[in-house]
1. Which of 109, 71 has the fewest other C-beta atoms within 10 Å, and how do the rest follow up to the most?
2. Compute the length gained on full extension between residue 96 and residue 9: take 0.36 nm times their separation in residues and subtract their Cα-Cα distance, giving the result in nm to one decimal.
3. How high is the relative contact order of the chain, in percent, with contacts defined as C-alpha pairs under 8 Å that are six or more residues apart?
4. Largest first and in whole Å, what are the equivalent-ellipsoid semi-axes of the range 88-133 based on the Cα gyration tensor, each being the root of 5 times an eigenvalue?
5. Going by how many other Cβ atoms sit within 10 Å of their own, how do 15, 62 line up, fewest first?
6. Calculate the spin-label point distance for residue 130 paired with residue 53, positioning each point 7 Å from the Cα along the beta-carbon direction, and give it in nanometres.
7. Given a Förster distance of 22 Å, report the FRET efficiency between residue 36 and residue 85 from their Cβ-Cβ distance, rounded to the nearest 0.05.
8. Using the Kirkwood formula on the Cα atoms of the chain, what hydrodynamic radius do you get, in angstrom to one decimal?
Amino acid sequence: MSQVTEYSSKVMDHFSNPRNVGEIEDPSGVGTVGNAKCGDIMRMYLDIDENHVVRDAKFKTFGCGAAIATSSMATEHVKGKTVEEALKVTNKAVMEALDGLPPVTVLCSLLAEEAIHAALWDYATKNGITIDGLKPPVNDINETEEFYQTQG
Ligand code: FES
C-alpha cells in the first residue's frame with residue numbers, strides 16, 4: 001500500500017458514523033487493551049453461538065478517530081465468521097478495507113485487533129477450547145510484535 005497522508009472517505013465515514021458501538025450484555029467473550037503511549041483503551045464484546053460463529057461484536061473506546069474507524073470496520077469483518085476466521089482479521093486487512101491510514105495511526109489501529117484477540121481468549125478460556133494461533137492477550141498494544149513489524 002502506498003503511503004497515506006490523510007484520512008480516506010471510508011475512514012471518515014466509519015469515524016463519523018461508527019458501526020457496532022456499545023456493549024453486549026452477558027457477552028461470550030470480552031477483552032480490554034490499552035495504548036500506554038496515549039492512555040486510550042478499547043473494550044471489545046463478542047457474542048458467539050454454539051457453532052463458534054461470531055453472532056455480534058460491539059466495542060467501546062476512549063481512542064482517537066483512527067481507533068474508532070478501525071474498530072468499526074473490524075467489528076463488521078468479524079461478524080458471521082468462525083472464531084478461527086475472526087482471529088485472522090488483521091489490522092492490515094482492516095486498514096486496507098479503509099483505504100489506508102496515515103502511518104502515525106498504525107498503533108491506534110492495533111487496538112481493535114488486539115481487543116478482538118483478548119475477547120476471543122476470554123471466550124476460549126471460559127469454554128475450555130483452543131483456538132489455533134491465539135496467543136494470550138496483552139494489556140498494552142505497545143507490547144505486540146505486530147507493532148514492530150508494521151513499522152517497517
Ligand atoms: Fe490513542 Fe489513537 S491516539 S488510540
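Every number here is computed from the coordinates shown, using simple stated rules; none is lab data. Fair warning: this is a prediction, and the values are worked out from it, not measured in the lab. Methodologically, a virtual Cβ is constructed for each residue, glycine included, from the backbone with ideal geometry; neighbour enumeration extends over all protein chains shown.
1. Exposure proxy ranking, most exposed first: 109, 71.
2. Numbers: separation 87, 0.36 × 87 = 31.32 nm, distance 1.28 nm.
In short, 30.0 nm is gained.
3. Values: 301 pairs, mean separation 44.4, N = 152.
Relative contact order here is 29 percent.
4. Each semi-axis is the square root of five times an eigenvalue, giving 26, 10, 6 Å.
5. Going from sparsest to densest Cβ surroundings: 62, 15.
6. 2.6 nm
7. Step by step, r from the Cβ atoms, then E = 0.15.
8. After inverting the mean inverse Cα-Cα distance, the result is 15.1 Å.
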